[in-house]
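Derivation of every value follows stated rules applied to the coordinates shown; laboratory data play no part. Treat the numbers as computed from the prediction; the structure is a model and nothing was measured. Note that each Cβ is placed from the backbone with ideal geometry, even for glycine, and that neighbours are counted across all protein chains shown.
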Amino acid sequence: MTRIILDIKKNLEENASIYFDRAKKAKKKIKGVEEALKRFAQQQQTLEKKQDEYAKEQRTKAQPKQLQHWYEKFRWIRTSQGLLCIGGRDATQNEILIKKYTKPTSIVFHAEMSGSPFFIIIEDHASEQSLKEVATTTAVYSRAWKLGLGSAEVYYVLGEQISKTAQSGEYLTKGSFMIRGKRTSYHPRLEFAIGLREQELLAGPPQAVQAHTENMVRLVQGTQKASEIAREIKKKLSYKGHIDDIIRLLPTGKISLSR
């Protein structure tokens with residue numbers, strides 16, 4: 001029940017006038033509050049729309065790029081000669097590379113240590129410089145980088161020298177093969193680079209990357225994790241994509257930028 005307090009010093013009309021004025025003021029306040037609430041609701045809708053747009057933009061930026069070429073699921077480089085070379089990321093990919101992509105005349109690289117990737121030069125007519133660059137890449141992506149070695153022994157053979165048939169009494173695990181016949185060996189230094197050409201990332205020995213772009217950074221064995229160094233590389237190269245695109249190209253182990 002609403003209580004109405006009357007001023008006994010005033011007559012009925014005067015008391016009614018007071019309450020009428022109060023009612024008008026209250027109505028104005030209510031109208032002001034309603035207008036303020038309406039403005040707030042509009043501002044809230046605008047803010048939520050902007051937040052949705054920003055979140056959508058960030059999700060788009062945050063997604064690693066879709067692989068555009070079949071070879072990008074593997075390790076890969078382009079030599080200074082422009083030849084495509086692909087390598088295995090693990091034992092399964094090593095198995096796929098040898099069985100699916102290796103021809104009898106293919107040049108196939110491997111480091112003289114367990115866990116090394118196989119690297120294949122997909123195209124023919126490789127120059128000596130290209131051979132050296134693929135040898136370096138094979139060494140970098142082997143365990144040699146993680147072990148902190150300055151160089152590693154790498155060799156190449158032809159595809160026809162590789163077999164899945166083990167010696168009598170032996171067993172070949174997934175990704176392992178028998179190599180028979182002559183080997184051509186290299187002892188490359190472990191040096192690597194990441195470059196950017198029209199927002200396309202390139203990896204490989206410095207000479208190979210530099211042949212395709214001047215926008216590059218050199219990597220050495222160091223102290224930083226892949227995620228940390230990837231952020232630095234992204235900034236230095238002005239790469240607009242996700243750092244995961246860079247991490248995919250890095251060797252296993254601690255890394256620093258060459259000063």
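Could you tell me, in Å, what Rg and Dmax come out for the Cα atoms of segment 70-257?
My reading of the Cα-based Rg and Dmax gives 16.2, 55 Å.
Divide the volume of the convex hull of the Cα atoms of segment 121-210 by its number of residues and quote the answer in cubic angstrom per residue.
Per residue, the Cα convex hull of segment 121-210 comes to 143 Å³.
Could you pull out the chymotrypsin sites (Phe, Trp or Tyr not before Pro) across segment 110-207 that fall in loop regions by DSSP (anything but H, G, I, E, B) with no more than 10 other Cβ atoms inside 10 Å?
Sparse-neighbourhood loop chymotrypsin sites (Phe, Trp or Tyr not before Pro): TYR171.
Taking 26 Å as the cut-off for C-alpha to C-alpha distance, list the pairs among LYS73/LYS240; LYS73/LYS164; LYS99/LYS182; LYS132/LYS240; LYS234/LYS254 that go past it.
LYS132/LYS240, as the Cα separations exceed 26 Å there.
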